[in-house]
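Take a look at the structure set out below.
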Amino acid sequence: MAEQVKMPASLRNHLEAKMIGQEIDGFTIRDVLGCGNTAVTYDVRDKYDIPWALKLVMRESYGGRAPFREISRFADTEDDRFLVFPKEIGDWILNLGRKSYEFVWFKSKPVRGVTLKSFLESGTNFSAHTEILRYVENLTVALEELGRLGFSHGDLHDRNIMRQVIGEKGTNPEVRYVIIDFSEAHPLEETQEGLLKDTECLGNHLRSFYDVICQRETITREDERVLAAIAHIPGLLNGAAAESTGISKPSDVLTRIKGALAATKEAPRQLKDPFEPLNTENITNDALLADLCLTKMPWTSKLEKIGNVLLIGPRGCGKTMIFRRLRLKTKIVAGKKREIKDDPYVCFYLPCESLFFMRFSDLSDVDINKNKQSLILYFNMAILAEVASTLSILPVTLGPVSKSVITKLGELLKEELGPSWEKLRFPPSIVDLDELISHAGSSMRYIRKSIAYGECIEARGSTDFVTQLVGTLKKEIPALSQRYFIFSLDDYTEGRVPMALQEALHPVVCQRSSDICFKISAHMFGSIYHFPRPLALDEGRNIEVINLGSAYLKLNKRRKEGKLLLRILNERFKHCEGYEGTIEEWLGKTMYPGGRTLSRALHDENTRSKVHYYGIECLMDLCTGDYSEMIRMVGEIFREAGKRPGAKSKKIAPSVQDRAIYRVSREYLSRILHIRPDGPNLFDIVESFGNLSKNLLYERKPVRQGTTSKGRTRREPYDLLTVYVDAITRASQAAQNVWQRLQQASIFVDVGLATSQRSVVADRATLRRIYCPALRTTLTSSEHLQLSKEQFEYFMDKPQEFCKDHFRRVLKQSDQAKLWDEDKALQKSIKEESPPQHIPTEKDRVDFTAKAPTNWTVAVNSLTPLTPVADAIQKNAEFDLFIGALGFEERTTKGAAALVERGVKVLNAVLLEFDRYYEANEKRRATYEILIGQLTSGKAHRPFNSPVDNPDHGFPMRMGALLGTVTQKKCPRILFDCTSCPSLILSKTLSALLRHPCELTILYSEAEQYFPTPEEWEVTEHKAYMMRVRGPFEGIRYVAKPPMLQADDTGEQPVLLVLFPTFNKERTDGVLADLNPAERIWFFGEPHDLEKNLYRIEMEKSYAAPLICPEDKWSLLTTFDYRKTLLALGGIYAEYRFDYRIVIMPHGSKAQTLGANLFAATHETSMVFAMPQEYNPDKYSKGCIQVWAIPLGETAGLVEKLRLARALGRR
C-alpha cells in the first residue's frame, strides 16, 4: 500500500507558525493542536464562537484514492462515547507565493487531552491493570461500533487515540480513550484501503503499554500479572485466520486479557465443569494440567527421544498441552516423582507466543537482520531464565544446586552479556538463582527496549550459548550428567516468530548434538522447516517433521487416538463435582440405521432421514486428534440434553446428540466466513465441495471396492472427502495461495505427498471431519477428487460451477441422467420433535415484590396508578403535544376519541407510523386524522417514521429533535397514547420522553377481547407444541438492543435475564440465543380481570415451557399495574446486582413495559427485544372497553424521585 505524500517543509512551517488568527471557510484559528507530515490540526472557533477541532489534510497525500466523505453514515451510530466522528468535511485552497495547495478539512468536536503516544512517553505513573483494561474496553466499544456501521478506521496509530480526563478537577474524574481523525476511514469490504489494520494497531498499542511497563525501574507484582496477561494474547497479524488465532474482533482481545488476568490471580485445582474450554497457557496449576494431559499418544514417544522434531497440526490438537506436560517444571510441581527419577531427559518449555509475539513478530526482515545478534542474545536469555527457574525448585533427587553451579552460570551470563553487564548495573557476581532469574529477565527487557527504540546493544549473542549452558549443568550437577536436554519451542510459527527470525535462530535451534535437541510446534506452512519451503541441506537432515493431520487420518491410529482422547474427557469428569459415570456411558455406541455404515445409511433414501450423528465412534471420527473440539462437542451435547451436576449417568438420546453436533458443526463452518482476507471465498469452496460430496453420496450408484471374503464384487457408496491435485507447482499462484490458506486454517488437512492413480505426484488433502455433519455427508473417504492443473484452477476460482459440472459429468458416466440444478430435496423432512416441556412449579415461584427495599417500595407506591381517562384528565384541558401510533387494531383510535369527547385541545400532534402491514394500518388513518384535526383545531399532524422491520439507529436523535422543535416551552404538557406501539417503539419513545423535561401523561386503551381466545386455547391446549394455536405474531426478524436502553456496565458480569414473555416461543428463544444468559427469571402476566382471562396465565406458561429450565425462578405479575413491575424489578436488583448484569426482555403488557422503562431509567439495567417476523392483524385484539390514563407528572421530578430511592439493596 502506497505511503502518504509528505507536505513540503516550507508549507508545514507556514501552517504551523503563521495561521493563528487566520480563517478557513468561516473558522477562526486559535491554536495548533498537532502537526504531522501530511496534516495539521487546529483549535478553531466558528461564527458562533463554538470550539471545534479542524484537521487539514493535503489532497495530494491521498494519491489516487478519494478522501473519505461518507460522514452521513456516522449519523447511525448508537454509541459515540469513544468515537469523535467528523461533523463536516470541506475543501480549501492555500495560495502560498506562486503555488496553490489543495486541502481537505475535517471538522470534529475538540478533545481535551493527550495522545496515547504522548501519554506513554510522558513517564506518567499509572496503574497497569486499570489503565490497560480501560484502554481495551474503550477501544473495544469504539471499534465494534465502527464495525457495526460498516467501517474501519484505517489509520489507528497512537497519535489518533486521545486520553481524555473528564472532570479532572472534580472529586471523581473519569479517564476515557477516544478515537479521532477519520480521514483514512473506509468501508470494511474495501480491505485494501486505509494505511493500517485496526486490530493490528490494537496489538501494537498493547505492545507499547508492555514496553512502558517493562521500562520501569521496579516491576511490581501487579505489573507482572499485567505483562503475563498481555503476552498471552494470540497474534493480531496479517493473514492470521480467526479460527487459528482465536481472535476475530476487539472484544475477543478484552475477553482474553480478562481471562489471563484471572488465571494469574489463582490456580484452580478443579475444573468448574468438565467442558470448561481452558486455554493451555491459562492453566496455571501444573498439577491440574498433568492430570488432564495424557502422554501416551502414538506420536509423543518421538518428543521424548533425542532428535529435533517439528510438530504441525490444527489448533486444539494438544501440541501445547503435551509440551507443557513433558516439561520438568510441570513434573516437579505436579509431584511426578517416578517420572523425574526415571526419565532419560530433562525438558524445558519456551512459549514463543509470549517470548516473541509482543515485540518481534512484526519486525521487518531488514530489522531482524540488523538486530540479529541481539535477537540471538534475547533467545539465549529466555532459555537461561527457564532453566534457572526450574533449577530453583529442583527436587532432592536431582539436586541440590550448589553455590559453584550458580557461580559458573553467573560467569556464563556475564560473558554472554559483555559490556551490557555494566550498563545494566548488575553486581559483580550472582549470589543465588533468584538473582540469576532476575538478571536474565532484566536483560530480556533491556533487549526488547533497545530494539524497539533503535538503541545499540554492544553484546553479541553466541550460537553456542545453549551448548555451553548444558555442558556446565551436566558437569556441575551429577544427576543431570547422563540425561539429554530437550527444549520445546511452542508456537514457533510465522505470525509469532517471523521467518527471518527463524532463519537467524536456525544455528541454535537445529544444531547437531547428542546432548541437546529442540522440539518445535507450528501451524501449517508456518516454519522454515516445513513443506513447501525449500529445505537447506542441513535442515533436512537434522529435523523430523510430524504432521498430526496425516497421523490422525491413518485408520489404525485414529481409533487409538480417539480412545486416548476419551480418557482425557473421563479425567475431566473426575475433576468436577456432580458428574458420575464415563463418557462412554453418557453417549453410548454409534449405530446407524439397519446396522449399516454411515455412508450406506445416507446413500439409501429409505434410511437417510433416520440418520443421527451420535455416539462414541462418531465422536472419535469427528474429533480425533482435536482435543478442544471434542470437549466443546460433548459440552454442547450435555447442554442440549439438560444434563447438569448431580445428574445420574444415562445415555443421551441420539436425536439430542445429533442436534448438538449439527449446531457445533454449523458454527465451525460459519467461522470460515470470518477468515481474513478471503473468508467468503474459502467458504464457497468448502460449501460447494461439501454439497458435491453429499450429492455424489446420495445419487451416484455404488462403486466397486474390491471383493468380499467369498470373492464377490463389493460395491460401496461413493464417499468423497479427499482432493488430489496433479502438478500443483505448475498451477497459478492465485490457486496455490487459496489452497494453502485452506490448509493453513485447517479446513482441509494436508496428508502429505502421495502418488496418484496417474502415477504423478499429487498434493492430497482431506476435508476436516468437523464440517461433515453440517453438510450432512459421510465421515469417510474411499474416493478422491482427482484434479489436473486446469481443473484445480477452475475449482479454486469458481467452486460452485466446477462442482456442478463435475457432478453432472460423474452421473453421466454412470448412466444417471439426474442434474444438480434439477435436484429435488435430497433429505426427507424430519418431523420436528416437540421440545422438552417444563411447566413452572410452585417450588420455583418467588415473590420478588416482597424483596424490594423499603425506600424503593415507598417511592413506587406513591406513584399514580392507571386511572380511567375521565378521572385523570379534566374536561377542556389543554396540552402542548399529542403522540399517537397508527396501528391496525380497532382500539387504535379510541384514546384520541376519548380526548375529543372531553373537549381536550393540543397545539401539535405527532403520529408514529410503522413499516409493517400498511394496508391494515391505513384502515384506521381516516378516522385517526379526523380525530387529530379535532384535537388540534384543524392543524395538520406530523408523521414520524418508526420502522420495526429493521433496526432504526437514528430514532433517538430524530425523536429528540422533534421534541425540541414542536415543544418550545420549558416544561410542555405531553400526552402519549401507547396503545398501538410495539414494545420496542414504546420503550424508545418513553426513553426520549423521560429525558425531555415535560409533564407526561400516558394513555392506554384496553381491548375487549384478546387472542388467542379461550375457545381457541381449549381446543388445542393438549396438542403437541407445533400443533397448537398460534399467537398474534410468529417468528423472529431480529434481536434489538438499542443503545439508548442499555446500561453502562455491559460485559462486566454474567447476564441475568428478566423475561416478560408473550404468546410466542420464537421471540423469547431468539433473545435467549442472542444473550445466552447465566440466569433467567420469568414473569408471567396475571390479568386484572381474572374471571374472564384466567386461562391466559396457563397459556403463557405453556408457550414458554419448552424454553424454561427446571431451576429457573418465576413469578406472577399483574399486567395492569406498572408499579408492581417496578417493585418486582427492585427486588431482583437488590438481590442480584452485585453478581450479575441485569437485562430485561419487556415483551409483556404495556403497563409492564412502562414499569420496566421507568426502572431502567434509574437503574443499571439494559433492555432487549426480539422483533416478530410476522404480525397477524386479525388475531391481535377486538374492540375496546376502557381508555386509561397515567398522569406521571413532570419527568425530571419523577426520574429524580426514583433515582434517590433506587433499589440499592442487600449484599
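Using every alpha carbon pair in the stretch 462-526, what percent of pairs falls into each 5 Å bin from 0 up to the bin containing the largest distance?
Going from the shortest bin to the longest, the percentages are 4, 16, 24, 21, 15, 11, 6, 3, 0.
Provide Rg over Rh for the stretch 937-1021; use the alpha carbon set for both Rg and the Kirkwood Rh (inverse mean inverse pair distance).
1.10
List, in order, the whole-Hz ³J(HN,Hα) value for each residue of the stretch 321-334 obtained from phi through the Karplus relation with A = 6.51, B = -1.76, C = 1.60 and θ = phi - 60°; use x for Gly and Pro.
So the Karplus estimates, Gly and Pro as x, are 4, 6, 4, 5, 5, 7, 5, 4, 4, 4, 5, 5, 5, 7 Hz.
Highest first, please rank the peptides 739-746, 843-850, 1129-1136, 1149-1156 by the mean number of other Cβ atoms sitting within 10 Å of their residues.
Ranked by mean Cβ neighbours within 10 Å, highest first: 1149-1156, 1129-1136, 739-746, 843-850.
Taking the square root of 5 times each eigenvalue of the Cα gyration tensor, what semi-axes in Å does the equivalent ellipsoid of the stretch 374-432 have, largest first?
Each semi-axis is √(5λ); the values are 23, 14, 8 Å.
What is the fewest-to-most order of Phe1159, Phe151 by other Cβ atoms lying within 10 Å of their Cβ?
Going from least to most buried by this count: Phe151, Phe1159.
On full extension of the chain, what length is gained from Glu1194 through Asn13, given 0.36 nm per residue of separation minus the C-alpha to C-alpha distance?
In short, 419.5 nm is gained.
Let me know the volume per residue of the alpha-carbon convex hull for the stretch 297-553, in Å³.
Given the Cα convex hull of the stretch 297-553, per-residue volume reads 119 Å³.
Could you please report the charge total around Arg59, scoring K, R as +1 and D, E as -1 over all other residues with beta-carbon less than 10 angstrom from its beta-carbon?
-3
Rank-order 249-258, 917-926 by packing density, defined as the average count of other C-beta atoms within 10 Å over each peptide's residues, highest first.
Descending mean neighbour count gives 249-258, 917-926.
Ranking request for peptides 28-35, 581-588: highest mean number of other beta-carbon atoms within 10 Å first, then the rest in descending order.
581-588, 28-35
For a quick size check, give me the Cα extents of the stretch 555-673 along its three principal axes, largest first, whole Å.
45, 34, 28
Restrict the search to the stretch 603-710; then list the GluC sites (Glu not before Pro) that DSSP places in a loop and that have at most 16 other Cβ atoms within 10 Å of their Cβ.
Glu605
Could you give each residue of the stretch 1062-1067 its phi-based ³J(HN,Hα) in whole Hz, using Karplus coefficients 6.51, -1.76, 1.60 with θ = phi - 60°, and x for Gly or Pro?
Values per residue, Gly and Pro as x: 10, 8, 6, 7, 4, 5 Hz.
Restricting everything to alpha-carbon atoms, can you work out Rg to Rh for the stretch 1057-1110 with a Kirkwood hydrodynamic radius?
In the stretch 1057-1110, Rg relative to Rh is 1.01.
Report P(r) for the stretch 9-108: all Cα-Cα distances, bin width 5 Å, range 0 to the bin holding the largest distance, values in whole percent.
2, 12, 22, 24, 19, 13, 5, 2, 1, 0
Could you work out how far apart the two model spin labels at Glu544 and Leu188 are, taking each label as a point 7 Å from the Cα in the direction of the beta carbon, and quote it in nm?
The two pseudo-label positions are separated by 4.6 nm.
Using r as the Cβ-Cβ distance of Lys337 and Ala262, and R0 as 41 Å, what FRET efficiency do you calculate, to the nearest 0.05?
That pair, Lys337 with Ala262, gives E of 0.85.
Every number here is computed from the coordinates shown, using simple stated rules; none is lab data. Quick caveat: nothing in here was measured; it's all calculated off a predicted structure. In this analysis, Cβ positions are derived from the backbone assuming ideal geometry, glycine residues included, and neighbour counts consider all displayed protein chains.
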